[in-house]
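The values are calculated or read from the model by the stated rules, or taken from the named source; none is laboratory data. This structure is a prediction, so every number in the text was calculated from the model and none was measured. Quick reminder, even Gly has a Cβ in these numbers, built from the backbone with ideal geometry, and neighbours come from all protein chains shown.
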Amino acid sequence: MAQKNTRPATAAKVTDNQSVSFLYDKSNYRLLVISVAIVALGFILMAGTTDIYSTTKIVIAPIVVLAGFALGFVALLKKPGTKA
């Protein structure tokens with residue numbers, strides 16, 4: 001069988017006149033960064049002191065981590081604002 005001589009696909013050229021559009025809005029990225037900070041705060045609270053059974057470690061810290069994950073979920077599903 002003979003191989004066909006094919007040309008490689010040409011790359012799309014981006015000119016200066018074309019604007020790059022992102023998938024999310026600035027507010028979505030801001031919420032995502034805040035949610036990562038909240039999750040990190042929750043893990044820091046879990047590290048805490050040497051007392052294993054403290055209320056902060058077993059109640060408050062997991063709630064903070066779950067709230068951070070929930071905020072991240074909202075940040076990903078929030079519809080970006082329309083540009084007028």
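Before we move on, is Val65 over 30 Å from Ser21 (Cα atoms), under 16 Å from the mean Cα position of the chain (by Cα) and in a helix (DSSP H, G or I)? Answer is yes for this residue.
For every residue, the table says whether it meets (1) at pLDDT 80 or above; (2) surrounded by 14 or more Cβ atoms within 10 Å (Cβ to Cβ); (3) out of contact with any helix residue (DSSP H, G or I) (no Cβ under 7 Å at 6 or more places or on another chain).
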site: Lys13; (1), (2), (3): no, no, yes
site: Val20; (1), (2), (3): no, no, yes
site: Leu32; (1), (2), (3): yes, yes, no
site: Ile38; (1), (2), (3): yes, yes, no
site: Met46; (1), (2), (3): yes, yes, no
site: Thr55; (1), (2), (3): yes, no, yes
site: Ile60; (1), (2), (3): yes, yes, no
site: Leu66; (1), (2), (3): yes, no, yes
site: Leu77; (1), (2), (3): yes, no, yes
